[in-house]
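Only one structure is covered here, and it is reproduced in the block below.
Each reported figure results from applying straightforward, stated rules to the coordinates on display, with no laboratory input. Just so it is clear, the structure is predicted and the values come from calculations on it, not from any experiment. Cβ atoms come from the backbone with ideal geometry, glycine included; neighbour counts cover every protein chain shown.
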Amino acid sequence: MDDDLASIQNQSNQTAPSPDQKTDWNKILIGISVFGLILLVSGISFAIGRSNQKEVVPTPTPTPLPTQPIIPSPKPRPEDDQPKAETPTPTPKILSKTLSGDKNLDGFQSSNGGGNLTLDIRAGRNVNLVTRGFVSFDISSLPKTSTITEVTLRLYQAKTVGNPYGSGGNLIVDHLKFEDNLENADYGAPALLSSFATLSTNAAVEWKEVDVKSEVMDDLSNSRSLSQYRIHFNTENTGGDVIGDFVYIESADNSEATGNTPQLVIKYY
């Protein structure tokens, strides 16, 4: 029994709170009360502040009026300051026309009154005579409004006999007008322009050419339908032998059978 009393006494001693423990609970209760009071005061203050605030009505933002865009003036370009280049004149297309000699108006005439219109175009001399050649072209087919740029007389030297260039010098050309009738009087007829060009200086068998643009232009400006020429050596006198010293130029009759008949080549536009 004594043991039971001792056990009960020990339990009583364990469960009874100490004065310090009572003090701790009081502190906790006081802290909770203070914290609650602070929350209450804060809530009341917040409510009073909200009630005193005025509702702020936002001021509407004005809509801006549309404005015209500012277009900057174009800056001058360097090329605008440069002088304007002139449009080049187009180059005209050059046409070419080859006229053949008239076989009825070419041949030769001699100082002794003789001559021939069906053989070659001959120039030179022998012991008895001096001979001159003639050639003619019909230019009436040229367009009246054309602009002539070049005219070339082309004669083919088919052969030589003797030493014509040694005795006569150079073969030269006269611009002549004998129209549609070649006769012996044309041997010494006054020329429109005497010895205006050299046709040949040697005995080579080849084409001989000379510029006759001015002569053709003169014919056209004077309404001549024929452009005509006389061929002879620079020095003319009788001499040598009967065979003589002559050049033979192919005629429109093709008497030398070369096929290289007289030509007048005209370029124009």
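Quick notes on this one:
- The stretch 95-154 holds strands (runs of 3 or more DSSP E) entirely within its bounds, and those carrying 3 or more residues that are surrounded by fewer than 17 Cβ atoms within 10 Å (Cβ to Cβ) and in contact with a strand residue (DSSP E or B) (Cβ under 8 Å, 6 or more places away or on another chain) map to 95-100.
- Failed criterion for residue 197 (all others in (1) under 47 Å from the mean Cα position of the chain (by Cα); (2) in a loop (DSSP other than H, G, I, E, B); (3) small (Gly, Ala, Ser) hold): (2)
- Residues in the stretch 171-228 that are in contact (Cβ under 8 Å) with a residue 40 or more places away in the chain and β-branched (Val, Ile, Thr): 172, 173, 205, 210, 212, 216.
- Subset of the stretch 202-220 (residues that are under 15 Å from residue 233 (Cα atoms) and either surrounded by fewer than 13 Cβ atoms within 10 Å (Cβ to Cβ) or among the aromatic types (Phe, Trp, Tyr) (or both)): 202
- When each of 149, 160, 118 is tested for being more than 47 Å from the chain's Cα centre (by Cα), β-branched (Val, Ile, Thr) and within 24 Å of residue 212 (Cβ to Cβ), the lone residue that passes is 160.
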